[in-house]
Structures are given as structure tokens and as C-alpha cells.
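Encoded as C-alpha cells, the structure appears first; notes follow it.
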Amino acid sequence: MIEPIIITHHLSHMYSSGHSDKFAVEDVNLEIARGSCAAIIGVTGSGKSTLIQHFNGLLRPTAGTVLVDGIDVGASGVDLRILRQRVGMLFQFPEAQLFERTVFADVAFGPRRMRLGRHEIRTRVLTALETVGLPHQEYGARSPFELSGGQRRRVALAGVLAMLPRLLILDEPTVGLDADARSEFYMYLRRAQRLQGVTIVLVSHDMTEVASLADRLFVLHNGRLVMQGPPRSLFSEGERLRQWGLAAPPLSELLSLLRKGGLAVPLDIFTLDEAFTWLRSEAPIPRLF
Amino acid sequence: MLFRNIPVGTYIPRDSLFHNLQARTKLLILVWLVPWLIVANHREWHFLPYIVLVALISFIIAFSAIPLREVWRRTWLIVLLFALTAIPLLSATDEDPKRLTALGPLVTTYGLARIVLLVGAALFAVVFLSSRLPVAALRTFWRRRGIRWLRIVSLLLVLAACVTLWLIGSNPGAQALSIGPYVITYGGVWTLLSGFLVLLALLIFSMLLTMTTSPVAMIEGLTMLLAPLRRLKLPVDDFALMSLLALRFIPTLLEEAEQLYKAQASRGADLTSGTIRERFQSLSMLFVPLVQGSLRRAADLAVALEARGYEVEGHQTPLHESTFATMDYVVMGGIFVVTVVSLLP
């Protein structure tokens, strides 16, 4: 078996704000497999952002250990630049971080900081821009400030992808985008994963959104890891999810309601297509409508 | 966190007598203290106003529920500066050249002075070097908070001793060297005492003012005091609104700056590493988005204000009217009476 890319062992982080000390993350043990796509889910204030900031060394654990790609983040004397080159991170509203005059220069910033050669930088930027659907010929020379919100966000994604990270962390990447821009963003993200083989960690408070992308979900509540598993098994436990302030996707909710109503819906139905196939193959349709 | 240690709002929320006073009251007291001290300073060796001043400040500290340690942390530098200026100031002769006392003259020989200087320089050099040695016990000792300044002081003393040695080095060892006499005059003592007390008192009082008054209350108080200037067509309300908005947005900006710093650090732009050119570039990538964000925010705010019917020409009224309580009158009246009485012969 391949070694997981992220291993946390009894990870805790405490914020001390003068008057009171508060655990933002408490005793979290998780493993994220290399090449997979994991999603960390929880309501606002559940410690998601704090947790992922440990993965590229922006925060150090108060207690416990974090191993990212073999690097112990908590150890003193860790070279954070190496770690941050391997771990790309995209925060909420990443379009706010663009600052260069052209899209090309902005995407090239990370690779330049890695002291790569000119040709290498150019190839990487062109590939990254291509991956996010903003070809260089058309967009490279434009100012990032004249693009639309969704496009600017993809420029920011390209800026991270150009550093060729092994791990890509996205903190609520689609907040504030409309439905089209949202699905477009996920499409390009999936393409990046396919092309670069990067491990993705998504953070979201909405499971429906990440369900199609993630192989494994981690549910955080008040800083503790309360549930984990593949989406299928998690979504069949709608009651427990609601307990943590979350809702399973509408389809799963509907199916579980049907099950309660006495309909023998198999537990492994998960997508709309699967539901349709099952409905077609089964007789009870006429009875329903 | 990165920006948590910036002492922007030194306001310390407590529930104390001085906290509960109106901002206007505190501002008026501060404004009144200045002319009172100027008048008091005109009469030499009239100590009563200064005794009253010290008593007043002690009372205010006692009734403001601010720990003495906090006050000391913000004033020790001024006290140190005064201690340094005391050396030339005590022998000042322009006000009252009457001699209070004199130290010295100390007569010695150049040879002895040189030995003393050499031993002193060697001693301080050892102290300084010990801070640089890679010995674990010494390291932890030098990392203690109160100790760090000793390193700089010892280095300065070594330098001073070397310079003095170089200056007197050419004189023959047996020649007599007289140091002093150092004359302390009445005028010097008075200037030092009164000046020191006045500056320290005003510093502590204005510090307590900001420590016990929330910035918003302060602006409101200031606006109310400046209200008569409206007659002169001065834009008092605009000033109030602008200051309040600026105050309101400081935490937001800090938060945004922190977020940006993290985002850019993730892209390899760390302010604490890299060449000088790279660090400047990192600064620019922090400030360009920050300024851009602030401009956008300002535009949004202007729209929001107009949407709620804000008019530049209009007259604003506060949501919570703040009125003087009995305590405000008592404190103001008490301080006024005590200070005026202290001026009487």
C-alpha cells in the first residue's frame, strides 16, 4: 500500500486570545491517501480552516503531529518553503490575491520564486493556463483585474497549479460564484487532478457540492472529527449528518424518505443516473405517480 | 498570529469609575490640565500643584482598574530618557545658578584612569561575548526578557571605554587628571523635577484616557465638544463620520491583510526570507491587493451610505444619546476646585 500523503496524529490547535483559550481543532486523527480527493466538511466555526492551515505550515500544532508528504510540520527547523512548494493552497476568494499587471506574470510568480529556468517557467504557466481553460494566446497578456470573477478565480488556481504541487488544498473555492461558474470551476479542478495527478483536499460546508468529486469525506464538528468515510456510506446516514448541522444531498434525502415510506430502495444508490436505472428496472413507478 | 501584536486599540475594557465617566469629561479634564500646569510652572519652588498632580494621577490610576504593570510598560522608556537627560540638566545654570551641592572634583592620575578603563572594557567585553557563545545555559539566560538590553548596553560601554582610552592614551601615566567638579544648581533641579512631572503626568493621563475609553466613545465625545464649531461652517459631522468609519475598518483591514499574507506565503512569498528584492516584491504583493480591496470596499460603503439616505449636508444625530451623569459633574468639579486651590499662595 502507498503511504498516505497526510497523516495527523492526535492533532490539536489552541487559539489563545488574551482572555480565554479555545481549542479550534481537538485530537484529530486522519489519513488522506495519495492521489485521492478528500473533502473536509463542517458548519462555520467547526475548525476546517484551522485544520487545513496545518497542512502547509501556516499554523503549527499545539499538540500532536502532522506529517505531510513525509515532512513533520510541527518539528522545529522545517523548511517551510519546500513544504509550501509541495502543498498548494487556495483560500476563500482567491481572486483577491492577484496583483501582477498581466495574467501571465501573476501565474508565473510562484514558479519564479522557485528559481526555475525561463523556459521551464513558460511551459508551466502555459500548461496551467491551458488546464484552467484560459489559453495564454487569449488571456495571458490581459490584466487580471479586467476578467470576470470566475475567471480571476481560475487564474488564482492556475497560479497554484503552475508550482506543480503534490497536494492541492482549496478552502471553499466556489463561495460567491454562480451555479455555472461553480460547475465550471469543478470541471477544471477535475481536469487538473487528472492531468497532474495531484491530491486534492477540499473544504466546504455544503456536501452536495463536493459529493461528485470527493472519494472520502471528513466531517468536523466543534474541532473534532466526528464522521469519516466514502460519500455513499455517509449520505445514507442522513439523521446523523443533521445532528452535525449538515444535510445530505436532496437525492439521498428523498431516497431515505422513500425507504421510510416502505419502498425497498437499495442502499448503494447515490447518483441521479443510478436512481433512474433502478427506477426503470423496477416495477413500482406506476404506483408512485 | 501575525498581526495580533499591533497595539492599535490599546483600549482595555473594564468596569471602573474612570471607565464609566463620559469621554467628554475625560477630554475636558485633559484640556484643563494643560493651562493649569503652565500657570503652575511659572512659580519656582511652589510644590503644592505638583503634589496635587501626583495625587490626582495616582487616584485616577487607582480608580481606572488598569494594572500598574501596564502603565509601567508604556512609560519606562520616557523615565529612562529623563534619567539620561538628568546628567546635563542638573548642572544647568541659566535659570537659577545658585549652587545646591557639588560632586568632586575627583583628582586621580592618567595611569589609574587607564587601568580602570581597561578593566571595565574587558569586563563588559566578556559580558557581551558571553551572549554570543554557543553554550546552552548562556543561551537560555540571554533569551530572558529583562536581560536582552544588557547586551547592547555592554557593547556601547565597551566602545565608550575604547574611545576614552584612545583620547587620553597619549598623556604620561603619572600626570594628574581631575574629573569635575560636577555642580548641581537649584535651577537645574527645579527644571528637571517640574518638567519631568508635567510630561509624565500628561503622558500617563492621555494614556489612561485611551485605555479607558473605547475609540467610538472618544470620537463621539470629541464631536460633541467640537459641536459649537458647526456655527463656523466647519465639517464637524463629516469629521466624526470619517473617523468612526476609519476606526470601524481597522480590524477588517488587519484581517484582510492577514488572509492575504497567508495566501501569498502559500505561493512562496514569505516576507521573512529571500533576497531584498524578493522581499520588496512580497511587500508589493501584499499591498497592491490590499489597496485594491480597500478602494472596492470604500466604493461599496459609499453606495450603502447613499442607499440609506445619508446626506453630506444633513445633520446627524447619535443613536445612543450620552448625557453627563452626576459622577461626571462631581469629578470635573472636584478636580477643578482642587487644582485652582493649589495655585493659591
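The values are calculated or read from the model by the stated rules, or taken from the named source; none is laboratory data. Just so it is clear, the structure is predicted and the values come from calculations on it, not from any experiment. Cβ sites come from the backbone with ideal geometry, for glycine too, and all protein chains shown count toward neighbours.
Quick notes on this structure:
- One residue stands out among those in segment B:219-248 that are touching a Lys or Arg at 6+ places or on another chain (Cβ under 7 Å) and modelled with pLDDT of 85 or more: the one that is surrounded by the most Cβ atoms within 10 Å (Cβ to Cβ), which is B:Gly221.
- Residues in segment B:205-223 include at least one that is among the polar types (S, T, N, Q) and under 18 Å from B:Leu37 (Cβ atoms).
- Boolean, A:Gly45 is surrounded by fewer than 18 Cβ atoms within 10 Å (Cβ to Cβ), within 14 Å of chain B (Cβ to nearest Cβ) and out of contact with any Pro (no Cβ under 9 Å at 6 or more places or on another chain): no
- Of everything listed in (1) modelled with pLDDT under 90; (2) more than 21 Å from A:Gly245 (Cα to Cα); (3) aliphatic (A, V, I, L, M), the single unmet condition for A:Ile32 is (1).
- Counting only residues that are surrounded by fewer than 21 Cβ atoms within 10 Å (Cβ to Cβ) and under 25 Å from the mean Cα position of the chain (by Cα), segment A:132-144 holds 2 of them.
- Tally of residues being touching a helix residue (DSSP H, G or I) at 6+ places or on another chain (Cβ under 8 Å) and within 23 Å of B:Leu84 (Cβ to Cβ) across segment B:149-190: 11
- Annotation note: of B:Leu177, B:Leu193, B:Leu209, the sole residue that is farther than 22 Å from B:Thr75 by Cβ and outside any loop (DSSP other than H, G, I, E, B) is B:Leu177.
- Filter result for A:Val175 (over 22 Å from A:Ile6 (Cβ atoms), within 14 Å of the chain's Cα centre (by Cα) and within 14 Å of chain B (Cβ to nearest Cβ)): yes
- Pair list, Cβ < 6 Å and 6+ apart or interchain, from segment B:148-162 residues that are without any contact (Cβ under 8 Å) to a residue 60 or more places away in the chain to residues that are hydroxyl-bearing (Ser, Thr, Tyr): B:Arg151/B:Ser131
- Matching helices (runs of 4 or more DSSP H) fully within segment A:65-164 where at least 2 residues are within 11 Å of chain B (Cβ to nearest Cβ) and either among the acidic types (Asp, Glu) or free of Cβ contacts under 8 Å to residues at least 40 places away in the same chain (or both): A:80-86, A:103-113
- Among residues that are loosely packed, with under 13 Cβ neighbours inside 10 Å and at pLDDT 75 or above, B:Arg145 is not included.
- Scanning segment B:266-311 for residues that are under 30 Å from A:Arg81 (Cβ atoms) and among the aromatic types (Phe, Trp, Tyr), we see that the one that is nearest to the other protein chains (Cβ to nearest Cβ) is B:Phe287.
- Hey, B:Phe287 farther than 30 Å from A:Leu59 by Cα and of a type in the set (Phe, Trp, Tyr) or not: no
- When residues of segment B:249-265 are limited to those that are away from every other protein chain (no Cβ under 13 Å) and surrounded by 15 or more Cβ atoms within 10 Å (Cβ to Cβ), the one nearest to B:Leu290 (Cα to Cα): B:Leu254
- Any chance A:Thr62 is within 14 Å of chain B (Cβ to nearest Cβ), in contact with a His (Cβ under 7 Å, 6 or more places away or on another chain) and within 23 Å of A:Val210 (Cβ to Cβ): no
- Looking across segment B:90-130 at every residue that is among the small types (Gly, Ala, Ser), surrounded by 14 or more Cβ atoms within 10 Å (Cβ to Cβ) and part of a loop (DSSP other than H, G, I, E, B), the one that is modelled with the highest pLDDT is identified as B:Ser91.
- Taking the conditions (1) among the hydrophobic types (A, V, I, L, M, F, W, C); (2) in a strand (DSSP E or B); (3) more than 24 Å from A:Gly229 (Cβ to Cβ) in turn, A:Leu30 satisfies each one other than (3).
- Top-ranked residue in segment A:23-42 [being closer than 18 Å to A:Asp171 by Cα and buried (at least 22 other Cβ atoms within 10 Å of the Cβ); ranked as nearest to the other protein chains (Cβ to nearest Cβ)]: A:Val25
- All positions within segment A:72-81 that are at pLDDT 85 or above and under 25 Å from B:Thr275 (Cα atoms): A:Val73
- Condition met for B:Leu193 (more than 26 Å from the chain's Cα centre (by Cα), of a type outside the set (Ser, Thr, Tyr) and closer than 27 Å to B:Ile87 by Cα): no
- Hits in segment A:40-96 (condition: of a type outside the set (Gly, Ala, Ser), closer than 19 Å to B:Gln259 by Cβ and more than 16 Å from the chain's Cα centre (by Cα)): A:Leu58, A:Leu59, A:Arg60, A:Leu80, A:Arg84, A:Glu95
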